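Below is one structure, written out as structure tokens; the observations come after it.
The values are calculated or read from the model by the stated rules, or taken from the named source; none is laboratory data. Every value quoted in this text rests on a predicted model; they were computed, and no experiment measured them. As a convention, Cβ positions derive from the backbone with ideal geometry for all residues, glycine included, and neighbour counts pool all protein chains shown. To get the accessible areas, we keep the full protein, side chains included, count just its heavy atoms, and leave off ligands, DNA and RNA. Shrake-Rupley method; radii C 1.70, N 1.55, O 1.52, S 1.80 Å.
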Amino acid sequence: MDAYTASDIDIRAVDPAALVDIRDVKVNTALPKRERILDFIRQIGNPYCYRHGKYVVRVSFADTDISLEDRLEAYIRTKG
């Protein structure tokens, strides 16, 4: 497996120039959901590690039953 396709890569070892800048990804919103997802993945390459300008972004998920929506709602409640 290529170093830039694993979800557990060390971003300190990644060459930012080898990553896709997410600002360059343009998904056709007229496509059905499944096709939009495939289009995004085709363009971004590795959805777990990409670039935003000069910053390398690594995405990971905790092994939990709590959804992202639940976490965001809890966070918003602490700020309100």
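In percent, how large is the relative contact order of the chain, given Cα pairs closer than 8 Å and 6 or more residues apart?
Computed value for the chain: 32 percent relative contact order.
Once every Cα of segment 1-77 carries one equal point scatterer and solvent is ignored, give the base-10 log of I(q)/I(0) from the Debye formula at q = 0.12, 0.14 Å⁻¹, two decimals.
-0.45, -0.60
What does the accessible area per residue of the chain come to in Å², with a 1.4 Å probe and no ligands, DNA or RNA counted? Display every interim value, and only then the final one.
Values: 6550 Å² over 80 residues.
Solvent-accessible surface per residue comes out at 82 Å².
Compute the long axis of helix 33-44 from its Cα atoms, compare it with the longest principal axis of the Cα atoms of the chain, and write down the angle in degrees, 0 to 90, nearest 10.
Helix 33-44 sits at roughly 50 degrees to that axis.
Among the aspartates and glutamates, which fall within straight-line cross-link reach of Lys26, defined as a Cα-Cα distance under 20 Å, with same-chain neighbours fewer than 8 residues apart omitted?
Hits, sequence-local ones excluded: Glu35, Asp39.
Taking Rh as the Kirkwood radius computed over C-alpha pairs, what is the Stokes-Einstein D of segment 41-80 at 37 °C in a medium of viscosity 0.692 mPa s, expressed in µm² per second?
Details: Rh = 12.6 Å.
The calculation lands on 261 µm²/s.
Express in nm, to one decimal, how much length is gained between Ala30 and Ala17 on full extension, taking 0.36 nm for each residue of separation and deducting their alpha carbon distance. Walk me through the intermediate numbers first.
On the way: separation 13, 0.36 × 13 = 4.68 nm, distance 3.04 nm.
Here the segment from Ala30 to Ala17 would lengthen by 1.6 nm.
Just reorder Ser67, Ser60 by solvent-accessible area, largest first, 1.4 Å probe, all chains present.
Values: Ser67 40, Ser60 75 Å².
Putting Ser67, Ser60 in descending order of accessible area: Ser60, Ser67.
Report, by chain and number, residues whose modeled amide H sits under 5 Å from the one on Arg51, excluding near sequence neighbours (fewer than 5 apart, same chain).
Under 5 Å from the amide H of Arg51: Val20, Asp21, Ile22, Val57.
For segment 1-76, what % of the accessible area comes from carbon and sulfur atoms, probe 1.4 Å?
For segment 1-76, the apolar C and S fraction of the accessible surface comes to 55 percent.
Does anyone have the angle between helix 68-79 and the longest principal axis of the chain? Alpha-carbon axes, 0 to 90°, nearest 10?
Helix 68-79 sits roughly 60 degrees off the main axis of the chain.
Quickly rank 46-59, 8-21 as a protection proxy: mean count of other C-beta atoms within 10 Å, highest first. All intermediate terms of the calculation are to be shown ahead of the outcome.
Working: 46-59: 15.1, 8-21: 12.1.
So the peptides 46-59, 8-21, ranked by packing, come out 46-59, 8-21.
Which ³J(HN,Hα) values, rounded to whole Hz and listed in residue order, are derived for segment 8-23 from phi using the Karplus coefficients 6.51, -1.76 and 1.60 in 6.51 cos²θ - 1.76 cosθ + 1.60 with θ = phi - 60°, glycine and proline given as x?
Working through the residues one at a time gives 10, 6, 8, 5, 6, 9, 8, 7, x, 5, 8, 9, 7, 7, 4, 5 Hz.
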